[in-house]
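What follows is calculated from the coordinates using simple rules that are stated; it is not laboratory data. Since the model is a prediction, treat every value here as computed from it, not as a measurement. Counting neighbours? That spans all protein chains shown, and the Cβs are built from the backbone with ideal geometry, glycine included.
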Amino acid sequence: MQSQKNHPQPFSFEFYPPKTEEGAANLQLVHTKLAEQNPEFFSVTFGAGGSTRDKTFDTVVDIQQKGIAAAPHLSCVASTKENIRSILKSYQEHGISKIVALRGDLPSGMMSAGEFRYANELVAFIRQETGDDFEIHVAAYPEAHPQASSAAEDFKNFKRKVEAGADAAITQYFYNAEAYFYFLDLCEKNGITIPIVPGIMPITQYAQLFRFSEMCGADIPRWLRKRLEGFGDDRTSIQAFGLDVVSDLCQRLLDGGAPGLHFYTMNQSAPTLAILGNLRQ
Ligand code: FAD
């Protein structure tokens, strides 16, 4: 797909804040390449408990200054209202107007002494403190959040975030398109009209993807897992097959009414660019 200058494409690209100078230099290159696609925004993750607070902030401000909107992720678990208030204020002072509001997951062993329990409380707090200054994006789970007691309860909790004032949602990644389409149907039946943008995880290797998916509750369908396992250490074949599978998924999602795509880039440009290149114009 060609980028159209001056017309943002309905794509967004997620980064994590780099930990080293080498990582920061890499991210500059990755950002430059992905910026050529003229995305709607870049987002930058936030370590729950505040571990990446300064690095997320610096990365977001740097991206915003380069001309395309940057949206910080902000997780509220283990945080105080005063702390969140001060983060929001710093972002306002730097012209940031989009935010991804999350509960977050605490690193194991860390106890929460925070004033927020769930993301809907954070969304309500942002609205209460800053009115309509921020466009608020929240997380959605077409395959249900791993801690949810049931899919129905999880959907109710998603609805709470929308009712608290979310403007848009980005989903956890998935490889079952039906789960997304079913989730869209549920939203429609429940009067939820905000855009629900699929989160897309390119497939470039297997072990890490498997680990991530176990943690975040994303299902790797058996047929896909078996094929990926079958490639063993043959990274080239995994990447070629992964590119086919994820490009098809993206095309299906867009054809089926997805309002855009949000790519979990893992601070790499090539896998995302290859997928975009495979999409029909
Ligand atoms: P919530 O919406 O609060 O839901 C968490 C769980 O609690 C769910 O099981 C839900 O059903 C339940 N629940 C929600 N509200 C209520 C309620 N009022 N009463 C009872 N139960 C409730 N993590 C990070 O640490 N940093 C990041 O930058 C980050 N970025 C992400 C970006 C995206 C697009 C996504 C999809 C996830 C991201 N995550 C990130 C992971 C996320 O923090 C975890 O999935 C976390 O476990 C849940 O966060 P949430 O905002 O969805 O929480």
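Listed values, structure above:
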quantity: Debye log10 I(q)/I(0) for the chain, one point scatterer per Cα, at q = 0.07 Å⁻¹; calculated: -0.24
quantity: Residues with amide H under 5 Å from that of THR171, placed H, sequence gap 5 or more; calculated: ALA140, VAL197, GLY199
quantity: Semi-axis lengths, Å, segment 122-281, gyration tensor of Cα atoms, sqrt of 5 times eigenvalues; calculated: 30, 17, 15
quantity: Cα-centre dipole for the chain with unit charges at Cβ (Lys and Arg positive, Asp and Glu negative), debye to 20; calculated: 120
quantity: Separation in nanometres of the label points that stand 7 Å from Cα toward Cβ, at GLU93 and ASP132; calculated: 2.6
quantity: Kirkwood Rh and Cα Rg combined as Rg/Rh, segment 140-204; calculated: 0.95
quantity: Between segment 94-172 and segment 173-220, the Cα center-to-center distance that results, in Å; calculated: 16
quantity: Cβ-based charge dipole, the chain, positive-most Cα from THR56, SER149, PHE212; calculated: SER149
